[in-house]
Amino acid sequence: MHLHKLEKWWLILGISALIIFLVVLGFGAFYMGTHPQSHGLTIDPNNVEANEAFQQENLGLTKVDEDHYIVNVVASAFNYNLGVDEDGNSVTHIKIPKGSSVLFQVVTTDVIHGFNIAGTNVNMMVEPGYVSSMEVQMNKVGEFTLLCNEYCGVGHHMMFTTVEVYE
Ligand code: CUA
C-alpha cells in the first residue's frame, strides 16, 4: 500500500496528538488525583436545612478526628456561609492543619456557583438541587483563596473567602 508522504505525516500527527492527550489525562487522573466531583446526592435548594449537614449550626469546619475534617458550606449570591464563631460573627477564614483529610460538602440555595480553592485540587461546580462533595488531603501550607468561578451575578467578584493550611 502506498501512502502519500503528506498523508503519512498527517497520520503521525493525529496519532501523536491522541497519545499526548491520553498521557496528560492519565497523569491528571492517576498521579494528580483529579476527578469529577460526586453528583450522586440531591437536595431541595429551597430547603437545604432538611439535610442535617446544612443546618446553620453544622456549617463551616468540623473536626471529625485527629486528621479528618468536614467543611459544610451553603453558597448563595454572593457569599459562602461557613457558619458563625463564638461571638456570632460570620466565619470568613478557616484554618486546617497540614496533612489533614478534608471533606468539602457544598450546596447552593439560588443559582450555580463555583467552589475553587485556588492552588489546590478543589474545584467544584455547585448546582441547585445537588450536593457537591469532594474529599482532599491538604498537604500544601499557605493561605489559599476560596472563590466562586462561575459567573453568578453582579456580586460574583466579591464571592470569596480564605482557607489557611498551617504546619
Ligand atoms: Cu457565586 Cu460567582
Quiz prompt | 1 or more residues away from the ligand (no atom under 14 Å from the Cβ): qualifying strands (runs of 3 or more DSSP E) within segment 48-167 | solution = 60-65, 68-76, 93-97, 101-108, 113-117, 130-137, 142-147, 160-166
Quiz item: Which condition number does residue 87 fail, the rest of (1) open to solvent by 20 Å² or more (accessible area, probe 1.4 Å); (2) in contact (Cβ under 8 Å) with a residue 12 or more places away in the chain; (3) closer than 30 Å to residue 167 by Cα being met?
Solution: (2)
Practice problem: Report yes if some residue within segment 16-34 is under 17 Å from the mean Cα position of the chain (by Cα) and open to solvent by 50 Å² or more (accessible area, probe 1.4 Å); otherwise report no. | Solution: yes
Quiz item: If you take the residues in segment 90-108 that are touching a residue at least 12 places away in the same chain (Cβ under 8 Å) and open to solvent by 40 Å² or more (accessible area, probe 1.4 Å), which one is farthest from residue 127 (Cα to Cα)?
Solution: 98
Quiz item: Could we say that residue 64 is crowded, with 17+ Cβ neighbours inside 10 Å and either in contact (Cβ under 8 Å) with a residue 40 or more places away in the chain or over 18 Å from residue 34 (Cβ atoms) (or both) here?
Solution: no
Quiz item: Would you call residue 34 within 16 Å of the ligand (Cβ to nearest atom) and either under 24 Å from residue 163 (Cα atoms) or at pLDDT 95 or above (or both)?
Solution: no
Self-check item: Options 18, 3, 22; residue that is farther than 17 Å from residue 133 by Cβ and in a loop (DSSP other than H, G, I, E, B)
Solution: 3
Practice problem: Go through segment 35-47 and give me each residue that's in a loop (DSSP other than H, G, I, E, B) and surrounded by fewer than 12 Cβ atoms within 10 Å (Cβ to Cβ). | Solution: 35, 36, 46, 47
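The values are calculated or read from the model by the stated rules, or taken from the named source; none is laboratory data. Please read all numbers here as calculations on a predicted model, not as lab measurements. Cβ: placed from backbone, ideal geometry, glycine included. Neighbour counts: every protein chain shown. Note: areas computed on protein heavy atoms with side chains; ligands, DNA, RNA excluded. Shrake-Rupley method; radii C 1.70, N 1.55, O 1.52, S 1.80 Å.
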